[in-house]
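A.B. asks: Here you go, one structure.
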Amino acid sequence: MTKPKVTMQDIADHLQISKNSVSQALSGKGGVSEETRKLIMQTADELGYVYTGNRKRSSDQEDKEESTGSIALVATDFAFSMRGFFGEIYLTIENEVQKRGKKLLIQSISQQMMKEQTLPPFIEGREVDGILILSHLSTDYMNTLIDTGIPTVLIDHHHPDVQADAILTNNRFSAYHVVKYLYELGHTRIGFVGNTSFSPSYYERLEGFRLAHHELGMELHPNWILSDALEDQEFMEKRLQGLDEQPTAWFCVNDGLGFIVNSTIYNMGYQIPGDISIVSFDNGQLSRLATPKTTTMGVDLRLFGQTAIRQLFWRMKQPDAPHMELLLPTTLIERDSTSAPRN
């Protein structure tokens, strides 16, 4: 049986100190006393910690440490393929990095790289000053990146076991406002469509959906909470046609699901929004291509990129500050897929 890899957190737990202190000591940076540094490095060796790249440096090298002039942006093939959403974030990041006089290095992370815990060469060799993780990688792989000691910021993803700054949509409050908007139109029978196991964002949108029902005194209908929904026409037809009755409105966690729900309901003979209203999320191209065009929660993608860069450059100067999550607002964009219910 393969022996588990020793992480910075293991060293921190062993010595009952912060992970940040361990990271500073092993990366050769300031912030810890020489006595503490020696204790951390001795413990790392005793526990069998494996150093990546050229991270193990003596304290007399601290003053010689220089900026590499580069920032890393990593994501899965899937995230990079989502050009409508993540493409604009990437372009904003590239622009912001250039304005600060640095170079952006991009790496697509394959499933095999995550499985084998293989780091991109420019991260393995500590050739970057900071790392941006776009959308979600596996938790273990994100922690491997963070364990390099290089300042890291997550974009549109977070996890309880990942200790890093994160830039996020305010998913709970956004979903809450969707339900409240529908309620004020007169809807009290509202359904939810989204795969909550796919992303924490979708789970949080369900939490906001539930919160609004609780605060507005509306009954939750379990049959109308499709929390395992796939962006697949056949799946949606089977699930929606299998319901005894339809809600008067559906909230879909992204525009892709909103588009499929729209076409499915239309094929079932319902009028939108006369019989059923639809609200989706992201304000992507599919919300504008749907007939009728879909009411959606708009996400400011440029703000995502700008905030991520601002936070990363701040983190590079404040490596020991507590980690934080920044929640970005959304804007309701009212189009033709919503109206007051007939009954």
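The values are calculated or read from the model by the stated rules, or taken from the named source; none is laboratory data. Bear in mind the structure is a predicted one, so any value in this text is a computation, not a measurement. Here the Cβ positions follow ideal geometry from the backbone for every residue, glycine too, while neighbour counts run over all protein chains shown. These accessible areas exclude ligands, DNA and RNA; they are computed on the full protein's heavy atoms, side chains included. Shrake-Rupley method; radii C 1.70, N 1.55, O 1.52, S 1.80 Å.
A.B. asks: Here's a check for you: in the range 126-168, which residue that is touching a Pro at 6+ places or on another chain (Cβ under 8 Å) and open to solvent by less than 10 Å² (accessible area, probe 1.4 Å) is farthest from Tyr90 (Cα to Cα)?
C.D. replies: Once the filter is applied, the top-ranked residue is Gly130.
A.B. asks: Now for a separate question. For the structure I just gave you, tell me whether Arg239 is open to solvent by 20 Å² or more (accessible area, probe 1.4 Å), outside the structural domain of His157 (by the TED database) and either touching a Gly at 6+ places or on another chain (Cβ under 6 Å) or touching a residue at least 12 places away in the same chain (Cβ under 8 Å) (or both).
C.D. replies: Yes; evaluated as a whole, the condition is true for this residue.
A.B. asks: I'm told Gln163 meets every condition in (1) farther than 30 Å from Ile123 by Cα; (2) in contact (Cβ under 8 Å) with a residue 12 or more places away in the chain except one. Can you identify the failing condition by its number?
C.D. replies: (1)
A.B. asks: Let me ask something else. Is one or more of the residues making up the range 299-317 aromatic (Phe, Trp, Tyr) and open to solvent by less than 10 Å² (accessible area, probe 1.4 Å)?
C.D. replies: Scanning the range 299-317, I find at least one residue that is aromatic (Phe, Trp, Tyr) and open to solvent by less than 10 Å² (accessible area, probe 1.4 Å), so the answer is yes.
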